[in-house]
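Report on the structure given below.
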Amino acid sequence: MDRAMELRHLEQAQRHISEGERRIAEQEQRIVRLAHRGADTTEAQKLLNNFFAAQLQHIEHRERILKELEK
């Protein structure tokens, strides 16, 4: 892949990471609100765990792109 393409992929990966951070923060807030109301947070926590897993993948993807750009 050429450098310009790698840079576009890097920008996209960074956007995904930023969006992931936002989603994680929002979901954590939802869980707190649910817990304060005494609601079951099991499914909300599962979703949060999925967000964390996806975030890790986005970060790993960004790292692979950065390594490729170093070559």
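Read-outs: derived from the displayed coordinates by stated rules, not from any lab. Computed from a prediction, not measured in an experiment: that's the story for all the values here.
Quick one: angle between helix 3-36 and the longest Cα principal axis of the chain, in degrees between 0 and 90, rounded to 10, please.
Compared with the principal axis, the helix lies near 10 degrees.
Out of 28, 43, 11, any idea which swings most in a Gaussian network model of the chain, alpha carbons joined below 10 Å?
43
Calculated from DSSP H runs of 4 or more alone, at -39500 (n - 2.57) each and per residue, what is the 222 nm mean residue ellipticity of the chain, nearest 500? Intermediate results must be reported in sequence, preceding the final value.
Details: 2 runs with 63 residues, N = 71.
Helices in the chain give a 222 nm mean residue ellipticity of -32000 deg cm²/dmol.
Compute the acute angle (0 to 90°) between the alpha-carbon long axis of helix 42-70 and the principal axis of greatest extent of the alpha-carbon atoms of the chain; round to the nearest 10°.
Its long axis makes an angle of about 10 degrees.
Express the relative contact order of the chain as a whole percentage, based on alpha carbon pairs under 8 Å and six or more residues apart in sequence.
RCO, the chain: 50 percent.
Here are labelled values, (i) 3, 17, 21, 16, 12, 10, 9, 6, 4, 2, 1; (ii) 3, 14, 27, 23, 14, 7, 5, 3, 1, 1, 0, 0, 0; (iii) 3, 14, 10, 9, 9, 9, 8, 7, 6, 6, 5, 4, 4, 3, 3, 1, and one is the computed P(r) over Cα pairs in 5 Å bins from 0, in percent for what I pasted. Which one?
Read-out from the structure maps to (i).
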